[in-house]
Amino acid sequence: MDESRRSGPAAGLPRLPLALLRRLLPHAEREEVLTDLAAEHAERVGRHGVAAARAWLWMQVAGSVPALVRRSWWRGRTGFEPASSRMRPGGPGLESWIMDARYAVRRLRTRPAYALLAVVTLALGVGGTAAVWGIARGLLVAPLPYAREGELVAFWNPFDWSQAEFAHLRPDFPGFRRVAMYRTTGVILAAGDEAPRVVPAVSSSAELLEVLGTRPLVGRGFQPGDDASGAEPAAVLSYGLWRELGGDPGIVGRRLRLNGVERTVTGVMPEGFWFPDPSVRVWLTFALDPEDGSGNYALVGRLAPGRTVAGMGDALRRITASLGERFRYPEQWDKTKNASLVPLREYLVGEVRPALLATLAAMAVILLIACANVAALMLGQVDGRAAELAVRTALGAGRRRLLQQLVAEALLVGVVAGGAGAALAAGAFRLLVGALPLGALAAGAALDWTVFWAAMAIALAAALAVTVVPAASLWRGDLRGALGRQRTAGIGGRGGRVEGALVVAEVALAVMMAAGAALLVRSVAKLRAVDPGVATRGVAVLEVAMPADETPARHLQTVRELEAGLAAVPGVRAVGAAKRLPLRGGGDNWGIRVEGRPELASSTTYLRLVSPDYLRVMGVRLLAGRGFEAGDVGRAEPPVVVNRALARKYFPGLDPLGRRIAYADAWMRIVGVVDDVAEGKLTDPAAPAAYVLFGGVPYLPPAVALVLRVAPGREPAAVLEAARQRIRRVAPGAAVQQATTMTQVFAEAIGPARQLMSLLALLAGLALVLGAVGVYGVISHYVSRRGREWGIRMALGLRPARVLGHVVGRGGALVAAGAAIGVIGFLGLARLLSTFLYGVGTADPLALGAAAGGLLLVGVVAALVPARRAASTDPAVVLRET
């Protein structure tokens, strides 16, 4: 507020209540009311002091504001305003906005097609963006459910640390306040009369919950000594599992049977807590064995006060030096090299970050295209009202008020689109969660009010952005000159450069989206062409958690009984079993010894425990020797089948058949060589692997994968339910973790590119439709604006074909310019997709050509419809109207 106004009759009043009253008081009574208030305020200052006078003034304002707001609302709703309280200058702005909002409602009701198209177009962009933001916010922005998460880090070589290494370092991890080890697993929960079921679990050292810094909601977490030999087995439940078990706070101290072991429930974690992903339902301690050298664990730690990840170099050198003094590592598993720490957020959600960012960018592109379309629609409305606006300007209407009406209309569209977009986001939220490659993190994605408010905020911001182009056109335009153009039937009207720029922009954005989808389509096609070395059709898979309280002999007998029982399921031709399926990310690397080659003692290979029929059921090709036979079970010298990569590495130029190798000090003889199988990831290079029958090494797998070869013509998925029922009858203590097919396993092995491809292809299709709508709308407006000119020129001899070619050419030129800009823009942003590509580069000419060509074709078709209308103009009708 300027000084001249402060020095008037209201001088001495505080600034804030004075500004509020000036805004709301009627023009006619304003100065009188403010003068009286200032006089009374000055008197109270003298009698009671400044504080008391100011409190009195605020009480007067608080009592007056509701009545003044009601008055403004009534004035705006009815449109009645006496001249003494005119809107400008001096009248309350709220009333003019109310009147303009009512005017915008009337205008939109009289133009339902325009209103519906604007709302739907904007709602699509708003809803998708809000839904993706609701997912990304929880993973990338919102605080993780741990205390001071910036202090938490993960160690290098995750899930390759052993209990022996942890026990060696545990007394003193340099630079850390606490360090814990953990591994993910599945445990069989037997509660009451319910059938046993598998729940995702974490088995950890006693420090885990202390490292994470989250206190249980009920009871306590783990205590020092909970992982000592002979300690009472402990369990901490997730909030969700606790509620499933009844939600009784008295559950603390009770015993729960998990994997055949009675464990004492010590606590319940708060709602919203998760680690390392939201699917985990229970955290367990285990008896730490300092002699166990199996690498199955990951390490997480909390940095000491004052430490940062960047400043941990000295601490890591001390850790690796200590490991090097105590342990000897094979070259590929040497932990003394390349030691590093990763912030816990990056460790937990880093794999999904590129997919989320790419999807968020794609939805932002859709939103920008929608904004461009709505801006073009509004610009068309401004052009269509040029004569009306010119008359109003000539009669004294100010451009500022005209712009305010335009903004009110856009905000109204934005509010309606925000509500529709929020409903769309809520409806599509779960669909989007399933479409994104989130893995186990999808379990933590929840729909809440932040999605609604995000949709409203995005919609209002988009609506304001939409008004920039038509507002600039209205502000700079020659409104009075529009009257002259109206009299000359529109000849000489403006050429639509702004609308053309909008079309170019949205086509460029659509090409960027389509190019990304085309690259992923090409990449996924190449991944599907990779030969995994196993049959991916005609095979059903059931992964079964085995009872942990069985003896080794009974364990092996249960596996054989399961195979025999499943072989009797109708439609099943053969059954095999394995400790681990191919295409599931590797693991189970064992140290190998080769007879006569002691220099290879520190080498490791994959070791796969299988049943005799496994290789045949999976369609693994036999290259030399034989496969397993029923008589091989229980032999003193177990037979082993090796793959081509193992034979090539350990027996170069030699026949491996009949030679001996050893795992875990168990010597076995090679009886066959099979082709390489993608035991780890689909695109990994061939790695040495050996196949040994169950019982061939002293190890009992906690779970087995049963593979069922179905009869020709049967769908593998059709036998899964019958197989589940058979497992429940044959082994009541076992529980099915997952029932699927090898086709689905192969699809999952393709990785996140498959899901992202489907999602981006859908969004690219939406961008294509919106781009076509934009091209159609702008070209249609162009035709309408110049229709009378063409009618006169056709009357003078211009052929319709020339008109058709001119209009289509204009649309094609706009689309071609947008496609070129889009290709250039995509090349600059393609790094968002680089981690998902296989066998194609970011500048793949086929993908970019297909995207640009597809948009060009769609744009030309969209321009053809108004072009045909222009070419069919009747000159006689135009001349009569002129």
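The values are calculated or read from the model by the stated rules, or taken from the named source; none is laboratory data. These numbers were taken from a predicted model, which means no experiment stands behind them. FYI the Cβ positions are ideal-geometry reconstructions off the backbone, even for glycines, and counts take in every protein chain you see. Quick note on the areas: whole protein, heavy atoms, side chains included, nothing else; ligands and nucleic acids left out. Shrake-Rupley method; radii C 1.70, N 1.55, O 1.52, S 1.80 Å.
Residue-by-condition table, conditions (1) out of contact with any strand residue (DSSP E or B) (no Cβ under 6 Å at 6 or more places or on another chain); (2) of a type in the set (A, V, I, L, M, F, W, C); (3) touching a residue at least 40 places away in the same chain (Cβ under 8 Å); (4) surrounded by 15 or more Cβ atoms within 10 Å (Cβ to Cβ):
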| residue | (1), (2), (3), (4) |
| --- | --- |
| PRO330 | no, no, yes, no |
| LEU341 | no, yes, yes, yes |
| TYR347 | no, no, yes, yes |
| ARG353 | yes, no, yes, yes |
| MET363 | yes, yes, yes, yes |
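Considering every residue within region 721-737, establish whether at least one is free of Cβ contacts under 8 Å to residues at least 60 places away in the same chain, closer than 26 Å to VAL198 by Cα and of a type in the set (Asp, Glu). Explain how you work it out, then say what you get.
Keep residues of region 721-737 that are free of Cβ contacts under 8 Å to residues at least 60 places away in the same chain, which gives 721, 725.
Checking which are closer than 26 Å to VAL198 by Cα leaves us with 721, 725.
So of that shortlist, the ones also of a type in the set (Asp, Glu) come out as 721.
Taking every residue of region 721-737 in turn, at least one turns out to be free of Cβ contacts under 8 Å to residues at least 60 places away in the same chain, closer than 26 Å to VAL198 by Cα and of a type in the set (Asp, Glu).
Got a number for residues in region 108-125 being of a type outside the set (D, E, K, R), within 13 Å of VAL416 (Cβ to Cβ) and without any contact (Cβ under 8 Å) to a residue 60 or more places away in the chain?
Within region 108-125, residues that are of a type outside the set (D, E, K, R), within 13 Å of VAL416 (Cβ to Cβ) and without any contact (Cβ under 8 Å) to a residue 60 or more places away in the chain number 2.
Let me spell it out: the conditions are (1) in contact with a strand residue (DSSP E or B) (Cβ under 6 Å, 6 or more places away or on another chain); (2) at pLDDT below 95; (3) over 30 Å from ALA731 (Cα atoms); (4) not hydroxyl-bearing (Ser, Thr, Tyr), and MET181 meets all of them except one. Which number is the exception?
Here MET181 clears every test but (2).
Among the residues of region 457-471, which ones are surrounded by 19 or more Cβ atoms within 10 Å (Cβ to Cβ) and within 25 Å of the chain's Cα centre (by Cα)?
First, pick out the residues of region 457-471 that are surrounded by 19 or more Cβ atoms within 10 Å (Cβ to Cβ): 458-459, 462-463, 466-467, 469-471.
Once the filter is applied, which keeps residues that are surrounded by 19 or more Cβ atoms within 10 Å (Cβ to Cβ) and within 25 Å of the chain's Cα centre (by Cα), region 457-471 yields ILE458, ALA459, ALA462.
Could you list, in sequence order, all residues of region 297-306 that are assigned to a loop (DSSP other than H, G, I, E, B) and either surrounded by 18 or more Cβ atoms within 10 Å (Cβ to Cβ) or at positive phi (or both)?
GLY306
GLY751 - would you say it is closer than 24 Å to GLY822 by Cα and either touching a helix residue (DSSP H, G or I) at 6+ places or on another chain (Cβ under 9 Å) or open to solvent by 20 Å² or more (accessible area, probe 1.4 Å) (or both)? Full working, then the answer.
Numbers: closer than 24 Å to GLY822 by Cα: no; either touching a helix residue (DSSP H, G or I) at 6+ places or on another chain (Cβ under 9 Å) or open to solvent by 20 Å² or more (accessible area, probe 1.4 Å) (or both): yes.
It is false that GLY751 is closer than 24 Å to GLY822 by Cα and either touching a helix residue (DSSP H, G or I) at 6+ places or on another chain (Cβ under 9 Å) or open to solvent by 20 Å² or more (accessible area, probe 1.4 Å) (or both).
Among the strands (runs of 3 or more DSSP E) confined wholly to region 660-710, which include 1 or more residues that are in contact with a helix residue (DSSP H, G or I) (Cβ under 7 Å, 6 or more places away or on another chain) and free of Cβ contacts under 8 Å to residues at least 40 places away in the same chain? Spell out how you get there, then give the answer.
Values: elements: 660-663, 666-674, 689-693, 703-710.
Per the criteria, no element qualifies.
Residue check: is VAL415 at pLDDT 80 or above, surrounded by 15 or more Cβ atoms within 10 Å (Cβ to Cβ), over 23 Å from MET363 (Cβ atoms) and among the aliphatic types (A, V, I, L, M)?
no
What are the pairs, 6+ residues apart or on separate chains, where a residue within region 35-46 that is touching a residue at least 12 places away in the same chain (Cβ under 8 Å) has its Cβ under 6 Å from a residue that is part of a helix (DSSP H, G or I) and aromatic (Phe, Trp, Tyr)?
ARG44/TRP56
Under 18 Å from ASP531 (Cβ atoms) and either surrounded by 19 or more Cβ atoms within 10 Å (Cβ to Cβ) or modelled with pLDDT under 80 (or both): is that true of ILE779 in this structure? Working first, answer last.
Details: under 18 Å from ASP531 (Cβ atoms): no; either surrounded by 19 or more Cβ atoms within 10 Å (Cβ to Cβ) or modelled with pLDDT under 80 (or both): yes.
Spelling it out, it is not the case that ILE779 is under 18 Å from ASP531 (Cβ atoms) and either surrounded by 19 or more Cβ atoms within 10 Å (Cβ to Cβ) or modelled with pLDDT under 80 (or both).
Quick one: would you say ASP277 is within 30 Å of ALA142 (Cα to Cα), assigned to a loop (DSSP other than H, G, I, E, B) and out of contact with any strand residue (DSSP E or B) (no Cβ under 7 Å at 6 or more places or on another chain)?
Numbers: within 30 Å of ALA142 (Cα to Cα): yes; assigned to a loop (DSSP other than H, G, I, E, B): yes; out of contact with any strand residue (DSSP E or B) (no Cβ under 7 Å at 6 or more places or on another chain): yes.
Yes.
For VAL265, all conditions in the list (1) in a strand (DSSP E or B); (2) within 32 Å of the chain's Cα centre (by Cα) hold save one; what is the number of the exception?
Tallying (1) in a strand (DSSP E or B); (2) within 32 Å of the chain's Cα centre (by Cα), VAL265 fails exactly one: (2).
Could we say that GLU271 is open to solvent by 50 Å² or more (accessible area, probe 1.4 Å) and over 17 Å from PHE166 (Cβ atoms) here? Outline the logic, then answer.
Details: open to solvent by 50 Å² or more (accessible area, probe 1.4 Å): yes; over 17 Å from PHE166 (Cβ atoms): yes.
Answer is yes for this residue.
Does LEU566 fit the bill of being in contact (Cβ under 8 Å) with a residue 40 or more places away in the chain, buried (at least 20 other Cβ atoms within 10 Å of the Cβ) and out of contact with any Gly (no Cβ under 9 Å at 6 or more places or on another chain)? So that I can check it myself, show each step before the final result.
Numbers: in contact (Cβ under 8 Å) with a residue 40 or more places away in the chain: yes; buried (at least 20 other Cβ atoms within 10 Å of the Cβ): yes; out of contact with any Gly (no Cβ under 9 Å at 6 or more places or on another chain): yes.
Spelling it out, LEU566 is indeed in contact (Cβ under 8 Å) with a residue 40 or more places away in the chain, buried (at least 20 other Cβ atoms within 10 Å of the Cβ) and out of contact with any Gly (no Cβ under 9 Å at 6 or more places or on another chain).
Restricting attention to strands (runs of 3 or more DSSP E) lying wholly within region 142-255, give those where 1 or more residues are within 30 Å of TYR329 (Cβ to Cβ) and in contact with a Phe, Trp or Tyr (Cβ under 7 Å, 6 or more places away or on another chain).
Values: elements: 152-155, 176-190, 197-204, 234-237.
In region 142-255, the matching strands (runs of 3 or more DSSP E) lie at 152-155, 176-190, 197-204.
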